[in-house]
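The values are calculated or read from the model by the stated rules, or taken from the named source; none is laboratory data. Just so we're clear, the structure is a prediction, and the values are computed from it rather than from any experiment. Note: ideal-geometry Cβ built from the backbone for every residue, glycine included; neighbour counts use all protein chains shown.
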Amino acid sequence: MKIAIIGHGNVGGALARRWAQAGHLCVIGARDPKSDKVINLIQGNNGVSATEVKRCVRGAGAILVATPPGAIPGIAQEIGDVSNSIIIDATNSVRSSASKSSASKSGGFDERYDNGYEALKALTNAKSVVKCFNTTGFENMENPDYNGVKADMFLAGGNKEAKALAEQLAKDAGFGEVYDFGGDDKVPLIESFAMAWINLAIMQKYGRGMAFKVLRR
C-alpha cells in the first residue's frame, strides 16, 4: 500500500521506517523534500521516498498527518480534494495552551476546533478519519517490543473503514493489541490518554522507554 506521511519529524519518520519494513511504500510529504532532514530520513530506507505535500497524497491508500495541529489548515489547503481518502490523525492538542484563543495566537490549531481531528474532518471534508498513533512516544513506534511483549495501540473515530485500516497498520508497525476507544466523541478522551504517557514518561521522569499494555483475565 502507498501511505502518504505528512510530517517528517520523529513520529512520521519512525512510522515510515516501520511500514516500509512491512512492505508498504511510504511517501513523505514535505515543504522542502530536498532538505537535509528529509534526505537523512529516506537514505538507507528502501520503500521511503519524499515529494511535495500536494503530490504525496496522490494514489495513497492512507494519509498520516503527523504534524503540530497548527499546521492542519495549511495542509488542508495544500493537499486538495481528499474527501474520499482515509486520514489517520496522529496529532495532539493536549500540550497547546488551555484556551483556544491563546492556542491560536501561539500556533495552535484553528480556534474553531477543539482538536486536530475535528479540524481535519471539517477542512478536508474527508469521510474516513481516525485518531491513532498519538498516545505514545516515537521510541515505541521505532520499537514497540518489550522483551517479547508488544506494546498496545489505541484509536478512536466514527468511521469503521478508517479504524480497520489503522488497526492493521498498527500491527504492521509491530504493536500488539489495538483498542478502540469509541466514536468521534471519544477523541478528546484518547488525547487525554496521550497526556497520561507524557506525564509519566516526561513530567514524572520515568523515561521514554515505557509503554502501555492492557491486561485482561
task: Could you look through the stretch 13-26, keep only residues that are crowded, with 24+ Cβ neighbours inside 10 Å and without any contact (Cβ under 8 Å) to a residue 60 or more places away in the chain, and pick out the one that is nearest to ARG58 (Cα to Cα)?
output: CYS26
- prompt: Of all residues in the stretch 172-209, which are in contact (Cβ under 8 Å) with a residue 12 or more places away in the chain and basic (Lys, Arg)?
  reply: LYS186, ARG208
- line: Of the residues in the stretch 127-142, those that are assigned to a loop (DSSP other than H, G, I, E, B) and within 16 Å of the chain's Cα centre (by Cα) number 5
message: If the requirement is being outside any helix (DSSP H, G or I) and over 23 Å from SER93 (Cα atoms), which of these qualifies: GLY209, GLY182, GLY174?
response: GLY174
Count of the stretch 75-124 residues which are of a type in the set (Ser, Thr, Tyr) and either buried (at least 16 other Cβ atoms within 10 Å of the Cβ) or at pLDDT 95 or above (or both): 8
- prompt: Taking ALA50 and the conditions (1) out of contact with any Leu (no Cβ under 8 Å at 6 or more places or on another chain); (2) of a type in the set (A, V, I, L, M, F, W, C); (3) without any contact (Cβ under 8 Å) to a residue 60 or more places away in the chain, which numbered condition does it fall short on, given that it satisfies the others?
  reply: (1)
